[in-house]
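Peer 1: This is the structure I want to talk about, given as structure tokens.
Read-outs throughout are calculated quantities, based only on the coordinates presented, and are distinct from any laboratory measurement. Because the structure is predicted, anything quoted here is derived from the model rather than measured. No Cβ is skipped: glycine too gets one built from the backbone with ideal geometry, and neighbour counts run over all protein chains shown.
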Amino acid sequence: MLIFIDDLGWTDIGCYGNDFVETPRIDQLAAEGVRFTDFYASGAVCSPTRCALQSGQNQARIGITAHIPGHWRPFERVITPRPTMALPSDTVTIGEALKTAGYTTGYVGKWHLGTGAPQFQPDQQGYDFSAVIGGPHLPGRFRVQGRPDLKPGPNQYRTDFEADLSIEFIKKNRDQPFFLMLSPFAVHIPLGAMSEKVQKYRQKAAEQQRDLPHPVYAAMIEHCDDMVGRIVDAIDQNGLSDNTMVIFTSDNGALYRRYDFREQADDTVTDLAPLKGEKGSLHEGGVRVPMIVKYPPLVGAGAVCNEPTITHDFYPTLVELAGGQLPRNQTIDGVSLTPLLSNPDARLDRDALYWHFPHYHHDRPASSIRARDWKLIEYLDGTGDIELYQIGKDIGETKNLAAERPGRVADLQKKLKAWRENVLARMPIPNPGYDPDRAAEWWNVRNGQPVASDNRKRFPATEKDQ
């Protein structure tokens, strides 16, 4: 069972230090399993990480390096590569690998690995049951794509509906091996939660004189906590707790503000301190995320693991535990986490983790590498900017050591360059149309027009505001 939250930050839940949002069921999951402190999303935005999870590969190999379809800045210093618009059909997904190993497979929630065409959906990529849900969180605003037989209740919040579908799948398949991926749209913007929870956090914020996280965002996190609790309870009620793995994580870091923030339409979402950056950035705030695993046969309760790990490690881990086989003709970049599950103090046989985000979003195009205690970010926008941090001593990336450690910079740059060449990473190129006066303009890929940010209206915060 893999629960894959959207845009949840590293410090957004109680067991990772949040003292405002109430997440008792997620915290209980951590108390009964292992909590990873240095777990990373494979990408700084959703589609890349989802690609890596499904393929077991760093997404740079496939070219899904931005959210699909992405956006662009046509007058910036560099022209950024267009992302691949769907997970290729010949990719052997984790769903297909586990299905081959004898598992019944299910997918519920956000997919975001295709253009909407039927051939690129989960039911064509190894999932026996597929309920891809589109639309925002509030009642009446979401639906299952192509499945008129699956309808939410008239006043049902989206995570409640996603939990219902997941619980039904668990009940139906309790007597056989199954793999279910639950991927809610929460806690992605636009912010929207049920009024009772929102009012609780508005009152709590006033009492504590807190500005962040936003009360609606806090309520959305609690909705996710309720969802996790219902899933864990369903597993227990069906007699599956002793032999079912439950994984909880996020697809990228949290959002501070929308990339084209407009005060009249948008909210400031959450505080990512002590981390630097946010979703869409290769700083820690963009890629370091929560990760919890509960699996009684292998994992001791209350354990903590500090080994650097990443989303595409799930693929070989789950295939190994399922007794399956990795695909012969598909490179697997992930490393099995099973040694860490049985011994959280173990170290993996891996020198470095790599990211490639050659796009403008919440930061400039960049690649990065974390090699044990050291992290380098290399900007790809023609500026030549380099940042070097000793993450173990400076989790907030407050001191750029690039000028002080030229040897370390040279070594990490060499490794990063070799990795990019190995995976055939697509790179930005100089823009002959560079116009510094227009460089900040965002343009829409779908219609080839400027993004109409100034026309955007504020989304209703609760069901009572619709």
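Peer 1: Among all the lysines, which ones have a C-alpha under 18 Å from Lys464's C-alpha, if same-chain residues fewer than 8 places away are not counted?
Peer 2: Lys197, Lys200
Peer 1: If you don't mind, another one. Place a label point 7 angstrom from the Cα of Asp175 along the Cα-to-Cβ direction, then list the residues of segment 215-248 whose backbone nitrogen is under 20 Å away.
Peer 2: Under cut-off, by backbone N: 234-244.
Peer 1: Go ahead and run the numbers for FRET between Lys457 and Thr383, Cβ-Cβ distance against an R0 of 45 Å, rounding to 0.05.
Peer 2: 0.80
Peer 1: Can you tell me the Rg and the Dmax, both Å, for the Cα atoms in segment 59-153?
Peer 2: Rg and Dmax of segment 59-153, Cα atoms, are 16.0, 51 Å.
Peer 1: Let me ask you something else. Before rounding to the nearest 500, sum -39500 (n - 2.57) across all DSSP H runs of length at least 4 in the chain and divide by the residue total; then give [θ] at 222 nm in deg cm²/dmol.
Peer 2: Only helices count here, giving -7500 deg cm²/dmol.
Peer 1: Over 16 Å, how big is the tail of the calculated P(r) for segment 367-407, in percent of all Cα pairs?
Peer 2: Roughly 31 percent, rounded to a whole number.
Peer 1: Rank-order 158-165, 256-263, 203-210, 221-228 by packing density, defined as the average count of other C-beta atoms within 10 Å over each peptide's residues, highest first.
Peer 2: 221-228, 158-165, 256-263, 203-210
Peer 1: Around Val299, with a cut-off of 11 angstrom between Cβ atoms, what is the net charge of the other residues, counting Lys and Arg +1 and Asp and Glu -1?
Peer 2: Combined, the nearby Lys, Arg, Asp and Glu give +1.
Peer 1: Using per-residue counts of other Cβ atoms within 10 Å, averaged over each peptide, order 53-63, 444-454, 7-17 from highest down.
Peer 2: 53-63, 7-17, 444-454
Peer 1: If N is the number of residues in the chain, what value comes out of its Cα radius of gyration divided by 2.2 N^0.38 Å?
Peer 2: This ratio for the chain stands at 0.93.
Peer 1: Using only the alpha-carbon atoms of segment 1-87 as identical scatterers, what base-10 log of I(q)/I(0) does the Debye formula give at q = 0.15, 0.20 Å⁻¹?
Peer 2: The Debye formula, applied to the Cα set alone, gives -0.71, -0.97.
Peer 1: Would you mind checking Lys393/Lys417; Lys276/Lys375; Lys375/Lys414; Lys99/Lys294 for any pair whose Cα atoms are more than 24 angstrom apart?
Peer 2: Result: Lys393/Lys417 exceed 24 Å.
Peer 1: Local charge sum around Lys375 (other residues, Cβ-Cβ under 10 Å, Lys/Arg +1, Asp/Glu -1)?
Peer 2: Net of charged neighbours comes to -3.
Peer 1: Quick one: length gained pulling Ser241 to Glu404 fully straight, 0.36 nm per residue minus the C-alpha distance?
Peer 2: Separation in residues times 0.36 nm, less the Cα-Cα distance, equals 53.5 nm.
Peer 1: Identify the residues of segment 14-28 with backbone N under 19 Å of a label point that sits 7 angstrom from the Cα of Asp211 along the Cα-to-Cβ direction, or state none.
Peer 2: The answer is 19-21, whose backbone nitrogens lie closer than 19 Å to the label point.
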